[in-house]
Amino acid sequence: METNKQKADLEDKAQRVAAGEDIHAPAPEIFHRQPYSFVRRGDRLTARRQKAWDAYAPSHVLDLPRAIGDTSVAEGAVFDQEKLYGRTAPLVLEIGSGLGEAVVHRAAQVPENDFLAVEVYTPGIADLLLKMSQAGVENVRVAQANAPELLDHLLPENSVDEVWVFFPDPWHKARHHKRRLVSPGFADKIARVLKPGGIWRLATDWEEYALVMREVLDAHPDFTNAHAGEGITDEDPIGGWAPRWEGRTLTSFERKAGDAGRRAHDLTYIRN
Ligand SMILES: C[S@@+](CC[C@H](N)C(=O)[O-])C[C@H]1O[C@@H](n2cnc3c(N)ncnc32)[C@H](O)[C@@H]1O
């Protein structure tokens, strides 16, 4: 007879396979103390994406030294903004850029800023490169990397003006919460790279994760909630949600969440 544990393991495997993970590959936990916040999905590209990848990846995707695995970042990696962008300008970092909708949209609006998109999913990066070329923007570069490692090993202290984490994978089952990106340890990593006065914008359509994000960041000594004390109600005596930021374009991901009846919660924190 199946025990509850066996049943839970089977459900877990089914969910990971549905998300595209190769469950026969060595578990990432073997290499990393912190479980990954992502599963590897297929890397196959459509003809249009392949063309964009071939044309722009050599010049726009960072050539990073790897440790173990092709999304890792080795210690001692060097970030030379001048060399990468041909100038030094305020730097905006998007973690988990998906198909690149938000970053390309904003990069076109604010050509005077530099944008670094971090993503592990190859088809998503190829789509970003396609959008970037169609929009004619020059100020976006992409790192195909596991974000916590990039924060630790590539970006110098006080090097980033703004960080975005929009719709990170919610890992909604309790036993997967350890895979969530936003945690006190992740906030420490962001705090190191963000300049004093720098902004961290977050959004999620998963209400329970939004509450966790607010709890973690309200408690963090290096961040101040830009909307502390706002929007307090009987049901929500803490408040502190940010209004939807006009610079955040509606992505296909957010649109689907909206169609399913889940509205986005926004949060904005200032680095002390
Ligand atoms: C739910 S999608 C949202 C994408 C996009 N931000 C949007 O709003 O449409 C989350 C993205 O984060 C990426 N991701 C998850 N963990 C990551 C990590 N540790 N490093 C880099 N990217 C990650 C996933 O590959 C996925 O594309």
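Between Glu208, Glu149, Glu157, the GNM of the chain built on Cα springs shorter than 10 angstrom shows Glu208 fluctuating the most.
About its Cα centre, what dipole magnitude does the stretch 43-271 give when the only charges are +1 on Lys and Arg Cβ and -1 on Asp and Glu Cβ, stated in debye to the nearest 20? Present the calculation step by step, with values, prior to reporting the outcome.
Numbers: 27 positive and 35 negative charges, 132 e Å.
About 640 debye.
GNM on the chain, alpha-carbon springs under 10 angstrom: the most fluctuating residue among Asp161, Asp259, Asp43 is Asp259.
Full extension of the chain between Val78 and Ile232 yields a length gain of 51.0 nm, computed as 0.36 nm times the residue separation minus the alpha carbon distance.
Can you classify the stretch 43-271 as rounded, prolate or oblate using the Cα gyration tensor, where a ≥ b ≥ c are the square roots of its eigenvalues, rounded means a/c under 1.5, and otherwise it's prolate if a/b beats b/c and oblate if not? Please list the in-between numbers first.
Values: a/c = 1.60, a/b = 1.40, b/c = 1.14.
Note, shape of the stretch 43-271 comes out prolate.
The count of lysine pairs in the chain that are at least 8 places apart or cross chains, and whose C-alpha atoms lie under 28 Å apart, stands at 20.
Each label point was placed 7 Å from the Cα along the Cα-to-Cβ direction; for Glu246 and Ala47 their separation is 4.2 nm. Run the numbers on the chain and let me know its relative contact order in percent, using alpha-carbon pairs under 8 Å that are six or more apart. The normalised contact order for the chain reaches 17 percent.
For the stretch 85-176, the equivalent ellipsoid built from the Cα gyration tensor has semi-axes of 22, 17, 11 Å, listed from largest to smallest. Across the stretch 226-272, Cα pairs under 8 Å and at least six residues apart give a relative contact order of 38 percent. Extending 7 Å from Cα along the Cβ direction at Asp218 and again at Ile270 yields two label points whose distance is 1.8 nm. Among the trypsin sites (Lys or Arg not before Pro) in the stretch 94-182, none is located in a DSSP loop while being surrounded by at most 11 other Cβ atoms within 10 Å of its own Cβ.
Contact order for the stretch 86-234, expressed relative to its length and based on alpha carbon pairs under 8 Å spaced 6+ residues apart, stands at 21 percent. Sorted ascending by nearby beta carbons within 10 Å, beginning with the fewest, Ile68, Ile95 become Ile68, Ile95.
Bear in mind that the values in this text are calculations on the coordinates, not laboratory data. This one's a predicted model, so the numbers in the text were calculated from it and none came from an experiment. Here the Cβ is made from the backbone with ideal geometry for all residues, glycine too, and neighbour counts use every protein chain on show.
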